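The values are calculated or read from the model by the stated rules, or taken from the named source; none is laboratory data. Just so it is clear, the structure is predicted and the values come from calculations on it, not from any experiment. Positions of Cβ are generated from backbone atoms using ideal geometry, with glycine treated the same way; all protein chains shown enter the neighbour counts. Surface accessibility is based on the protein's heavy atoms, side chains included, excluding ligands, DNA and RNA. Shrake-Rupley method; radii C 1.70, N 1.55, O 1.52, S 1.80 Å.
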Amino acid sequence: MNEVERFIKEQIRQNGPISVEQFVLIAASAHPQSYYAQRNPFGGHGDFITAPEISQVFGECLGLWCVDVWQRMGAPEPFRLVECGPGNGTLMVDILRASRIRPLFSGAAKVHLVETSPRLREMQRAALAGHADVSWHEAVEALPDGLPLIVVCNEFFDALPARQFIRLGERWHERVVGLDANERLCFSANRDVDFSGLMPEGLRHVTEGCVHEISAAATRAASVLGAKLRANSGALLAIDYGYEGPAVGDTLQALRAHAPCSVLSAPGTADLTFHVDFDALALALRQAGAQVWPLRDQGDFLLELGAAARTEVLLGKATAPQAEALRRALTRLTSPEAMGTLFKVLCASFPPALVPAGFT
Ligand code: SAH
């Protein structure tokens, strides 16, 4: 049994079952041996692959979007270029490389990374060694005010913990993680409290066993970022897989070595994610005073930003195997059968006169 599992079981023995939210928080990031604290999850040898790792074209397109929105903001110098959950730093490296078409942009950019994992911070530090002005924060709340900002988040919100509520009889109860008769971790429901009052209107009468998820961490982060846009001006892109709620479904998923695995087995050794509730994020951003644009599919958005044209340029210098990989990557990022429609792009900005590219 690993340290994280031992810790979780001890908690349950002492205080009773823990919420799914607490379980994910401990397994993913809060324990010193947690998943993000200990591992480099990305790429072929890791547990999952994200868009910036699939192709440099992804980050380059976002880089051009950032430069464009910066110009529409009046090219402020300096400004903050923020990334939440930067993984191993690839996306920020690609953004900064693409932005060199406007040298003033990279000169003016104060890079701020929001990252909890000490291990990933080190990887980000190494990846961004060539860029002078980089600082790290534990949480979006710590981002300083006073300068306009451009924020990018790729697969950040899906990594934040959520509570799960399950419909049983006429009531909604919180889904929890406890111990079964053999002292193994198991899901159950805390029937002591009825959360029906917390459920969205549309979900009051769903069928037995349906699950609804609420991520206070995601809503809080969106709300803080919205308030920062409102106070300092700027724009935000959040790319993730998810739905426009309110929806039912248990979307908690564990991935190890690119294959789904049991959520409760060997906690801290698999990537845990939820699908993102884009309605909840949009509402939080809007309530904080930011303008929120209609959600877009990743595929259309990247193609509009020139992903195919950029791939063509790279093909001109590629060997045959590289060319094959570039074409496959473009398809994977943009086609509806792959990530093209599964992944969505949420954009928020302020002031209202600022219209970011792709959201006219
Ligand atoms: N954006 C990267 C990595 C996505 S994985 C990519 O596209 O490849 C999720 C990232 O969010 C990791 O860097 C992880 O350490 C970070 N993370 C997870 N929980 C976090 C939290 N509560 N606060 C800040 N960062 C967090």
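May I ask you to list the trypsin sites (Lys or Arg not before Pro) in the range 239-326 that are in a DSSP loop and have at most 12 other Cβ atoms within 10 Å of their Cβ?
The qualifying sites are Lys317.
Carbon and sulfur together cover what percent of the accessible area of the range 106-145 at a 1.4 Å probe radius?
Answer for the range 106-145: carbon and sulfur cover 53 percent of the accessible area.
Suppose accessible area is computed on protein heavy atoms with a 1.4 Å probe; arrange Arg220, Arg102 from highest to lowest.
Result, largest first: Arg220, Arg102.
Can you give the accessible area of Val93 in Å² (nearest 10), computed on protein heavy atoms with a 1.4 Å probe?
50 Å²
Enumerate the whole-percent occupancy of each 20 Å bin, from 0 to the last occupied one, for all C-alpha pair distances of the chain.
29, 57, 14, 0
List the lysines whose Cα sits under 26 Å from the Cα of Lys344, skipping any in the same chain fewer than 8 residues away.
By straight Cα distance, Lys344 reaches Lys228.
Once the mean 1/r over all distinct Cα pairs of the range 118-197 is inverted, what Kirkwood radius in angstroms do you read off?
17.4 Å
Relative to the longest principal Cα axis of the chain, at what angle does helix 3-15 sit, 0 to 90 degrees, rounded to 10?
On a 0 to 90 degree scale, this one is about 50.
Express the accessible area of the range 31-165 per residue in Å², computed with a 1.4 Å probe while the remaining protein chains stay in the model.
For the range 31-165, the per-residue accessible area is 36 Å².
Arg171 to Ala216: FRET efficiency via 1/(1 + (r/R0)^6), r the Cβ-Cβ distance, R0 22 Å, to the nearest 0.05?
0.60
Can you pull the one-decimal nm distance between simple spin-label points at Glu312 and Ser196, each 7 Å off the Cα toward Cβ?
Calculated label separation equals 6.0 nm.
With a cut-off of 20 Å, note down the residues of the range 139-175 whose backbone N falls inside the zone around a label point 7 Å from the Cα of Arg204 toward its beta carbon.
Answer for the range 139-175: 165-174.
By how many nm would the segment from Ala353 to Ile101 grow when fully extended, if each residue of separation counts as 0.36 nm and the alpha-carbon distance is taken off?
Working it through step by step, the gained length comes to 88.2 nm.
With a 1.4 Å probe and all protein chains left in place, how much accessible area per residue does the range 205-328 have, in Å²?
About 44 Å² of surface per residue is accessible.
What is the percent of Cα-Cα separations in the range 239-360 that go past 22 Å?
Tail of P(r) above 22 Å: 53 percent of Cα pairs.
First measure r as the distance between the Cβ atoms of Asp300 and Leu179, then evaluate 1/(1 + (r/R0)^6) with R0 = 45 Å and state the FRET efficiency to the nearest 0.05.
Computed FRET efficiency for Asp300 and Leu179 comes out at 0.45.
Ignoring everything but the protein chains, give the 1.4 Å probe accessible area of Leu342 in square angstrom, nearest 10.
90 Å²
Can you send over the solvent-accessible area of Met123, 1.4 Å probe, protein chains only, in Å² to the nearest 10?
So the heavy atoms of Met123 present about 50 Å² to solvent.
Quick check on the range 154-288: take the gyration tensor over C-alpha atoms, sort the square-rooted eigenvalues as a ≥ b ≥ c, and tell me if it's rounded (a/c under 1.5), prolate or oblate.
Oblate shape, in that a/c is at least 1.5 and b/c is the bigger or equal ratio.
How high is the FRET efficiency from Lys110 to Asn40, r the C-beta distance, R0 25 Å, rounded to 0.05?
Taking R0 as 25 Å, the efficiency between Lys110 and Asn40 is 0.40.
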